[in-house]
Structure formats: C-alpha cells, structure tokens
Amino acid sequence: MSKLLVVKVNPKPAGQSVGLTVGEAFVNAYKEANPADAVTETNLFERYIPEVDGSMLAAWGALAAGKTFADLSETQQKQLEASGAILEEFMAHDKYVFITPMWNLMFPARLKSYIDALCVAGKTFHYTANGPEGLLKNKKAFHIVASGGVHQGAYGDKYLRGILNFIGIEDVGSLYVEGHAFTPDKAGEIIEAGKAQAGDIGKRF
Ligand SMILES: Cc1cc2nc3c(=O)[nH]c(=O)nc-3n(C[C@H](O)[C@H](O)[C@H](O)COP(=O)(O)O)c2cc1C
C-alpha cells in the first residue's frame, strides 16, 4: 500500500483554479485505481507554513549551542513545531503530487518555505565524501503547473524537480496546463485536455 501526499499550493476556491481542477482529475483517477492507498491532501494556503526568518535562524543557533526547546520563545517553538510537522508528514509518504499555479514564472513563495522545511541534513539528505546525497529513495513525484501563457513550466518546475532530486526523489514528472489566457478561445479545450491527461497519468502513478 502506497501513501500519496497531494500538495496544493493555491489560495483560490477549487472551481476557479485551472490547476486544482486538473489536479482533482489526477487524484480521482489515482484513488479509483488504488482504492487501498492512503491519500492525504494539504493546501499550503490553508495551514501555517513558517518562513525562515531571523527568529528561526536564532532558534537553530540556540539549539546548536546547547539550548533546549523549552528555552526558545513561544514564536520560535511554534515555527519549529510547524516546520517539524511538515517534514514528518512528507517523510511518512512515498508518492507526491504538487499542484501549483505559475506566478511570475515561479510557483507561489509558500512552496519555497515548505521546501525549506523539507531540506534537513540527516533527515532528507546527508553529506558524504562525494558531496550531499538524498535520502528519500524509492519515492516518486509529479508536478501539475497551470499557467495563463505558454512556458513549459519555466523556473518553478525546474527548481522543484532539482530540489526533489536533491533529497533523493529521482522519478519526477510534470504536466503543464498552459495557455488558457494567451488563447482564451481555446481555454475550455486546454483545460479538458489537461484533465484527460492528468486522469490518464493519475491512474498509472
Ligand atoms: C500573481 C500572478 C502572477 C502570474 N504570473 C504569470 C506568469 O508569469 N506567466 C503566466 O503565463 N501566467 C501568469 N499568471 C496567470 C496564471 O498562471 C494563470 O491564471 C493560471 O491559471 C493560474 O493557475 P490556477 O488557475 O490554478 O490558479 C499569473 C497570475 C497571478 C495571479
């Protein structure tokens, strides 16, 4: 039995988002094909994702210097707890689907903060004589990107793939649902084709 984590990164109601609409087709097809699998859905705009800031850096510094969790401020404890929960949840799954909108050629900044919680030496990667090595082996991921123009995923997709590779996840696929704003007369067609492709990939994922 596999455990799929669906990471939605969009503040819009589902019906107004191209990515979430296409992502739903992926997840429904996956569930139908894998009824025994556990599927967890999370939206980074509906939960607290701490941003690495001065407070968090100071907390890490304090712990490295021998202070305990109880010595940290209430804010720092909240930041580290949330960050640790993100990491534990991620590590407890073995398949991932990221659903993002393209915002200025990237994904929303919240996903970067989420990624900052995932990259922890000794947990998701470690240092070897040959450099850093990812520890999350035998896992796979898929990225669904919705964009109004046509960019083939642009920087966000390349970066997400790079960081997933860095923590050991080598099998990373992508689906670009793009161009609905560039060619509004084809918007319906683009979304329907995206849903069909997502369904097809989702049932085999
Ligand atoms: C802040 C912001 C920045 C955007 N930047 C881009 C962009 O760089 N390229 C592009 O093609 N579309 C851009 N768009 C349009 C979105 O990619 C498009 O609306 C897409 O459908 C968003 O995904 P969603 O429908 O799942 O929310 C931007 C939209 C917003 C709100």
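Overview of values
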read-out: Where Lys137 falls short, out of the listed (1) surrounded by 19 or more Cβ atoms within 10 Å (Cβ to Cβ); (2) out of contact with any Phe, Trp or Tyr (no Cβ under 8 Å at 6 or more places or on another chain); value: (1)
read-out: Filtered residue count, the range 15-47, keeping only those that are within 16 Å of the ligand (Cβ to nearest atom), in a helix (DSSP H, G or I) and not small (Gly, Ala, Ser); value: 8
read-out: Cβ-Cβ under 8 Å pairs, at least 6 apart or on other chains, the range 133-162 side closer than 13 Å to Leu175 by Cβ and of a type in the set (D, E, K, R), far side in a strand (DSSP E or B) and within 12 Å of the ligand (Cβ to nearest atom); value: Asp157/Val145; Asp157/Tyr176
read-out: The range 82-103, residues that are of a type in the set (D, E, K, R) and either in contact with a strand residue (DSSP E or B) (Cβ under 7 Å, 6 or more places away or on another chain) or surrounded by 13 or more Cβ atoms within 10 Å (Cβ to Cβ) (or both); value: Glu89, Asp94, Lys95
read-out: Conditions (1) out of contact with any Lys or Arg (no Cβ under 8 Å at 6 or more places or on another chain); (2) buried (at least 18 other Cβ atoms within 10 Å of the Cβ); (3) of a type in the set (Val, Ile, Thr); number of the one not met by Thr68; value: (2)
read-out: Some residue of the range 79-94 being within 17 Å of the chain's Cα centre (by Cα), within 16 Å of the ligand (Cβ to nearest atom) and either touching a residue at least 12 places away in the same chain (Cβ under 8 Å) or more than 15 Å from His143 (Cα to Cα) (or both); value: no
read-out: Boolean, Val9 is buried (at least 19 other Cβ atoms within 10 Å of the Cβ) and either hydrophobic (A, V, I, L, M, F, W, C) or closer than 27 Å to Gly149 by Cβ (or both); value: yes
read-out: Some residue of the range 103-126 being polar (S, T, N, Q), closer than 24 Å to Pro13 by Cα and within 16 Å of the ligand (Cβ to nearest atom); value: yes
read-out: Condition check for Pro50: within 16 Å of the ligand (Cβ to nearest atom) and either among the aliphatic types (A, V, I, L, M) or closer than 30 Å to Ser2 by Cβ (or both); value: no
read-out: Residues satisfying the stated conditions in the range 48-106, i.e. among the charged types (D, E, K, R) and over 25 Å from Val145 (Cβ atoms); value: Asp53, Lys67, Asp71, Glu74, Lys78, Glu81, Glu88
read-out: Odd one out for Glu192 among (1) assigned to a helix (DSSP H, G or I); (2) within 20 Å of Lys8 (Cα to Cα); (3) within 12 Å of the ligand (Cβ to nearest atom); value: (3)
read-out: Lone unmet requirement of (1) surrounded by fewer than 17 Cβ atoms within 10 Å (Cβ to Cβ); (2) at negative phi for Gly122; value: (2)
read-out: Looking only at the range 171-182, and only at residues there that are touching a helix residue (DSSP H, G or I) at 6+ places or on another chain (Cβ under 8 Å) and away from the ligand (no atom under 16 Å from the Cβ), the one that is nearest to Arg204 (Cα to Cα); value: Gly173
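Read the figures in this text as sums done on the coordinates, not as results from a lab. These numbers were taken from a predicted model, which means no experiment stands behind them. Cβ coordinates were reconstructed from backbone atoms using ideal geometry, including for glycine residues, and neighbour counts include every protein chain displayed.
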